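Input: a single structure, listed below in structure tokens.
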Amino acid sequence: MAHLQFRFCAVSPPHQVITLPALSPTMAKGNIPSWSKKEGEKVSIGEVLCLIETDKSTMEMEVMDEGFLAKILVPAGSTDVAVGQDIAIIVENEEDIAKVKNIRSSDSAAATTENRSREEDEKIFKSLEAKASTIPPRQRLGPSVRRLLIESGIDVAILKGSGPGGAVVKGDVIAAIKSGSQSKREPELKKVQKAHSSETPKTSSEPLLPPSSVSHDTLPTSQIRKVIAKRLLESKNGIPHVYLSAETVLDATLALRKELKVNYGVHVSVNDFVIKAVVSALKEVPEANAHWDENSGLVPGSSIDISIAVATERGLMTPILRNADQMSLSDISSEVKLLAGKARDGKLQPHEFQGGSFSISNLGMFEVDQFCAIINPPQACILAVGRGEPSVLWQEDPHDPTQGKPIAVTKMTLTLSADHRVVDIDIGGRFLDVLGGILRDPRKHLL
């Protein structure tokens, strides 16, 4: 696993400063739950240095060079560590460990703060210089006099100069300040500082809402949960969602599932059938397998890659079945079990959750009848699958439409959330119609 390294050779001995890598395109911060090595221990290529909790999973960070872990700059349990921040120092020789103990991770942060303060000061002083040009030019004023006039707010017009030719000198301004003869206008320096502070976002820790008398606990939020919250908000606010629902009869699918189990020892879930049916429906309605690009517009999918929503302790993960149209029903079942297990253990690799062209979220196991899911950007569609629910239908006699009988069936509600920029309602309706037909007659379409 690649990670950023910088080698220094100055007063300190040769060493590498290990920084927090960006392990996914959306990762800006990460957590370090634990270190696998201790300070002073030897590290070898390929050994796990620490665990990093990204916005998608918990991953192992491996050592890229041999050496000794001289200093851990970010302790275990640290959260919201910025990508690119120094987290450890590795030296080549064991005797150099003590020589780099004085290196602090805050050096770069302090330098950044110092640079920012310097930039703010320069901004203020440039504003002061601009204000200085407004002083009446009736007298020649030195730079120190002009600045003192600006800072004190004294109007030069009220001063009587004691310098050559009646020029106002620094002593005149100081005397005016001591005598309290300043004009009533606010000093320009304070005005500039106020204006500057109003432009700068405040970092006050004061609550935005008045304090409540109700006691509560603030729970720690994982980096994954923060990213999920941000992406869901962006999706809901930025994508024009359109929702379409349809019911399908599940009895034939349930019968085939039971037959495969009893006669062939093949164990597949209803969700595996739904995934396979979605893949077949996308092949018939490829317009639903696309996404929207702000620059290019509508972009058709080059492959059918299905993202499966998996609930974990860290949040909702979406591992991907790549090229799902090339998988059999049993292949899908095996791959889903593997990816779901890795998602729950926090061991998904980036290529296993980045991308995807269509998502499926199934809450049938929680006895949810119907729900609407939020689209997973940059995809254009997500299918929400409810539970199979016993119901009664009226079955007409094929030979006599006036005759018929009530029958017990298992019905399931499918709800498609689609990006209306990509999927028109007729395309969404056609997709659900094809999907429902496949689940009503799986032998014809899936075997």
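The values are calculated or read from the model by the stated rules, or taken from the named source; none is laboratory data. It should be emphasised that the depicted structure is a prediction, and the values quoted were computed from it without experimental measurement. Reconstructed Cβ throughout: ideal geometry from the backbone, glycine too, with neighbour counts over all protein chains shown. Ligands, DNA and RNA are stripped out before the accessible areas are found, and what is left, the full protein with its side chains, is counted by its heavy atoms. Shrake-Rupley method; radii C 1.70, N 1.55, O 1.52, S 1.80 Å.
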- line: In segment 262-284, anything over 17 Å from Asp331 (Cβ atoms) and without any contact (Cβ under 8 Å) to a residue 60 or more places away in the chain is listed as Val262, Asn263
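Would you tally the residues in segment 240-286 being of a type in the set (A, V, I, L, M), open to solvent by 20 Å² or more (accessible area, probe 1.4 Å) and under 31 Å from the mean Cα position of the chain (by Cα)?
Narrowing segment 240-286 to residues of a type in the set (A, V, I, L, M): 242, 244, 246, 249-250, 252, 254-256, 260, 262, 266, 268, 270, 274-275, 277-279, 281-282, 285.
Adding the requirement that they be open to solvent by 20 Å² or more (accessible area, probe 1.4 Å) leaves 242, 244, 246, 249, 252, 254-255, 260, 262, 266, 270.
Still in the list and also under 31 Å from the mean Cα position of the chain (by Cα): 242, 244.
Count: 2.
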- prompt: Mind checking whether some residue in segment 252-267 is in a strand (DSSP E or B) and charged (D, E, K, R)?
  reply: no
task: Look at segment 410-426 and say how many of its residues are within 25 Å of Asp369 (Cα to Cα) and surrounded by 19 or more Cβ atoms within 10 Å (Cβ to Cβ).
output: 9
- prompt: Within segment 345-358, restricting attention to residues that are open to solvent by 50 Å² or more (accessible area, probe 1.4 Å) and either at pLDDT 90 or above or of a type in the set (S, T, N, Q) (or both), which residue is nearest to Thr54 (Cα to Cα)?
  reply: Gln349
statement: For segment 31-63, the count of residues that are surrounded by fewer than 18 Cβ atoms within 10 Å (Cβ to Cβ) and outside any strand (DSSP E or B) equals 9
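Return yes when Val434 is open to solvent by less than 50 Å² (accessible area, probe 1.4 Å), modelled with pLDDT of 95 or more, more than 30 Å from Thr58 (Cα to Cα) and touching a Cys at 6+ places or on another chain (Cβ under 7 Å) and no when it is not.
On the way: open to solvent by less than 50 Å² (accessible area, probe 1.4 Å): yes; modelled with pLDDT of 95 or more: yes; more than 30 Å from Thr58 (Cα to Cα): yes; touching a Cys at 6+ places or on another chain (Cβ under 7 Å): no.
Criteria not met by Val434.
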message: Against the definition (at pLDDT 95 or above and part of a loop (DSSP other than H, G, I, E, B)), how does Ser307 come out, yes or no?
response: no
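Residues to consider are Cys381, Cys372; find the one that is open to solvent by less than 60 Å² (accessible area, probe 1.4 Å) and at pLDDT 95 or above. Don't jump to the end; show me each part of the working.
Working: Cys372 fails: open to solvent by less than 60 Å² (accessible area, probe 1.4 Å).
One residue alone meets the criteria, Cys381.
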